[in-house]
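The values are calculated or read from the model by the stated rules, or taken from the named source; none is laboratory data. Since this is a predicted model, take the numbers as computed values, not measurements. Using ideal geometry, Cβ is built from the backbone for each residue, glycine included, and neighbour counts are taken over all protein chains shown. Side chains are part of the model used for accessible areas, which takes the heavy atoms of the whole protein and leaves out ligands, DNA and RNA. Shrake-Rupley method; radii C 1.70, N 1.55, O 1.52, S 1.80 Å.
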Amino acid sequence: MSLLGFTALLMGMAATGYLRGTQDTVTPLVIVVISAAANVLIELLLVFELDMGIAGAAWSTVIAQWGAAIAFAVAVARRARLAGATLRFVAAAARRYALVGAQMFVRTASLRAAFVLTTVFAAHIGTTEVASHEIALQVWSFFSLALDAVAIAGQAMVAKELGASRPEVARAASVRMIGMSIQLSVVFGAAVVLLRAPIAAIFSTDPDVVSLAGFLLLFVAFSQPVNAAAFAFDGIFIGAGDLGFLAWAMAGAAVGFSVVGGAVRLLDLGIGWVWAALILFMCFRVAPQWVRFRGDAWLRTGES
């Protein structure tokens, strides 16, 4: 039943990307917050008042998703009219967007494959290990999304400056963004080190799981600066339209991780080594990004 909202979800994601590209981050925020609040209210009505059970929960999500999709469609149409852009289908543009989508698919699929592999490796070690791994991975994901906020801002800024044929401004903004992201990551890392025990205890009451999760959270903490650099570079290159590079760099990093992680699994090493391999994966991401950033190939302007 929830699949009825899948198209609406895709519409919302596409519209969010468009609005971010116009440097409008307020409209997506407002729509998502209102949609989430409506979802809760509708779910309370359907589940508790109308006694629809799990079906009511599914329908509330679908209704909220389609409401958000309609709101996003109105916002995008208004922006398009103001810009004088046409909403009709253009085959040449569609082919170009399909290529961009394919490159992003390779990049994202490679990223997700690496994280799926970490869970596979953890699950083969033991129950306590996979439970602790999932706790650490959720905390990792939480801080990743927070750091991604800087990267998203960078996407819009870099795209704007390169579109205006100001590559020097785009590079300067990128350097500031990388610095801000790393500084923020240091704060996050310090917080995780200091609070790792109570953070782990939020997720489980099993003392063995809490203890091991607290250990794995040290890996989460110490990986924050390299994570911050990776996310910042991602935002910069996405904003610059350098998606072909991102796709193959991520695929290469995923292959490198699969080799290292596979060796950890074959040697029957512990969960700590799996996380060491995950941090190495992030280093595999950052190394080619740094080399690319130092050059000028990604600085393609609107006149190029």
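Label positions at PHE89 and ALA77, each projected 7 Å from the Cα along the C-beta direction, are separated by 1.8 nm. As an exercise, take the mean of 1/r over every pair of distinct alpha carbons in region 70-156, invert it, and state the Kirkwood radius in angstroms. Over region 70-156, the inverse of the mean reciprocal pair distance is 16.9 Å. Ignoring ligands, DNA and RNA, what percent of the 1.4 Å accessible area of region 108-162 is carbon and sulfur? Its accessible area is 67 percent carbon and sulfur atoms. Comparing SER181, SER110, SER204 in a Gaussian network model of the chain (Cα springs below 10 Å), the most mobile by mean-square fluctuation is SER204. Peptide packing: for 8-20, 94-106, the average count of neighbouring Cβ atoms within 10 Å per residue gives the ranking 8-20, 94-106, highest mean first. Here the Debye sum runs over all C-alpha atoms of region 154-302 as equal scatterers in vacuum, and log10 of I(q)/I(0) at q = 0.22 Å⁻¹ comes out as -1.25.
When the solvent-accessible area of region 232-303 is split by element, carbon and sulfur atoms take up 68 percent of it, the probe being 1.4 Å. Each label was represented as a point 7 Å from its Cα along the Cα-to-Cβ direction; for ALA123 and TRP248 these points are 3.3 nm apart. A 1.4 Å probe run over the protein chains yields, for region 1-78, 60 Å² of accessible area per residue, whole-number rounding. Across the chain, Cα-Cα pairs farther apart than 38 Å form 22% of the total. Backbone geometry of region 233-240 corresponds, through the Karplus equation with coefficients 6.51, -1.76 and 1.60 at θ = phi - 60°, to 3J(HN,Hα) couplings of 4, 4, x, 4, 6, 5, x, 7 Hz, x marking Gly and Pro. Tell me, what does the Kirkwood hydrodynamic radius of region 1-62 come to in angstroms if you use every pair of distinct C-alpha atoms? Answer for region 1-62: a Kirkwood hydrodynamic radius of 12.7 Å.
Quick one: if the Förster radius is 25 Å, what FRET efficiency do ALA287 and MET13 give, using the C-beta to C-beta distance and rounding to 0.05? FRET efficiency, ALA287 to MET13: 0.25. Secondary-structure-derived ellipticity at 222 nm for the chain, considering helices only, amounts to -30000 deg cm²/dmol, per-run term -39500 (n - 2.57) for DSSP H runs with n ≥ 4. For region 187-257, the Cα-based Rg and Dmax, in that order, read 16.5, 48 Å.
Between the alpha-carbon centres of region 205-260 and region 82-111 there is a gap of 26 Å.
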